[in-house]
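Everything below concerns the one structure shown next.
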Amino acid sequence: PTFRPLAYMMLLDSSLVVIDVLGMRKVDKIKIGHLAVHQVAVLPDNRTVYTGNVDNDTIVKLRFSEDGTTHTTKVVGKSPVTMHFFESSPDGKHVVVTSRHELEAVMHAPDPSHLPDDSIAIIDTTTDKIIKTLALQSPAMPSFANDGKYLYINNVHHASISVIETKTWTEIQRVSILDKPLELHKDGTPRVSPDGLHVSPDGKWVVSGDYEARSISVYEVGADGKLGTKRVVPYASEWGMPHDVRFSADSNEVWVTDYDRLPNPADEVGNASIVTHIRVFDIDSLEVKRKFDMPRSVGRVVLPQYSKLAYLTTAVGSLLAIERDTGKLRGEIAAGQLGNPVICGMSSY
């Protein structure tokens, strides 16, 4: 039988939805807990998934059958409080978990067996043991270079990007995206910048979506993995706020999702009505090549190599498939309902 790629989308209610991407149909839905992580890690076999149960701070490993309809579940240990993003290294030998405190999240009582807050944990997928933790400031989205030698992480409330050398799992650089961090909101909650982060497949660039700073930043990557010369694209006021960023497979384009106003984490109905667009930038000129108006409030975008379509999560719990050249809607799968996933929901492939 032909191998069919599966997508794994985490909903706000901590349900993991398995989707047959080519057939655009929901295959399975597994309840993990009550509070969701933002992204799951999928190993290169496309059938092994790592996620987290925020209810009891455990890392969960799922292995799916070839058709995705059955699975086994294994708890592989404790995790940092308030897990957020999971990401697999390109060779599948390691999974990185980022964790940080969030004021709006349900916090658990401190436990000496827990890892430090505001940290990343590195899991050896052969043994399913945590081999190292590294303290960072508000780490969120991790992105590996294609050769796996370097890991880049956005520190979302500290306006910086950390560069991790993966042979020793050591932070070798921390770059501020702004001259100084943004002021707090009036209610005392921290602002978010940068938000989206991605390394180009050819390893030459790192792009960040500087959410509340209203810009995108493109960094040149040196031979040592460190970030060098930066180019900044200020977002025009009518463009809204940049959110997710993603390179095309040939590294020539940067896809950016944006929306017209700041989402309110407690307002699911309001978030679903946010107007969103996609802007596709040329990496050399950083000019907009194409702009698509979205029929739903979209969060994250994925550009798999096996398809000519782009896939996006929405605030009403669906997965959209659009043509990359025209933005024409080619299909939609309803996985959840209003508010599932939230704006920051992510699909992993």
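The values are calculated or read from the model by the stated rules, or taken from the named source; none is laboratory data. Predicted model, so just to flag it, every value in this text is computed and none were measured. Ideal geometry is used to build each Cβ from the backbone, glycine not excepted, and the neighbour counts take in all protein chains shown. In case anyone asks, the SASA skips ligands and DNA or RNA and just uses the protein heavy atoms, side chains included. Shrake-Rupley method; radii C 1.70, N 1.55, O 1.52, S 1.80 Å.
Structure above, values below:
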| item | result |
| --- | --- |
| Region 137-156 versus region 223-288: alpha-carbon centroid distance in Å | 17 |
| Within the accessible area of region 186-275 (1.4 Å probe), percent carbon and sulfur | 51 |
| Heavy-atom surface of the chain, accessible at 1.4 Å and reported per residue (Å²) | 41 |
| Lys, Arg +1 and Asp, Glu -1 on Cβ, resulting dipole of region 180-257 about Cα centre, debye, nearest 20 | 240 |
| Cross-link pairs beyond the 26 Å C-alpha cut-off, checked among K132/K230; K180/K291; K289/K328; K186/K226 | K132/K230; K180/K291; K186/K226 |
| Protein accessible area in region 1-56, 1.4 Å probe - carbon and sulfur % | 56 |
| DSSP-assigned coil residues among trypsin sites (Lys or Arg not before Pro) in region 233-327, each with at most 13 further Cβ atoms within 10 Å | R261, K308 |
| Protection proxy ranking, peptides 158-168, 48-58, average beta carbon neighbours within 10 Å, highest first | 48-58, 158-168 |
| Amide N proximity, region 1-36 versus R330 label position 7 Å along Cα-to-Cβ, cut-off under 13 Å | 21-24 |
| In region 1-100, lysine pairs closer than 21 Å at Cα, eight or more apart or cross-chain | 11 |
| Cα centre as origin, Lys/Arg/Asp/Glu Cβ charges: the chain dipole, Debye | 520 |
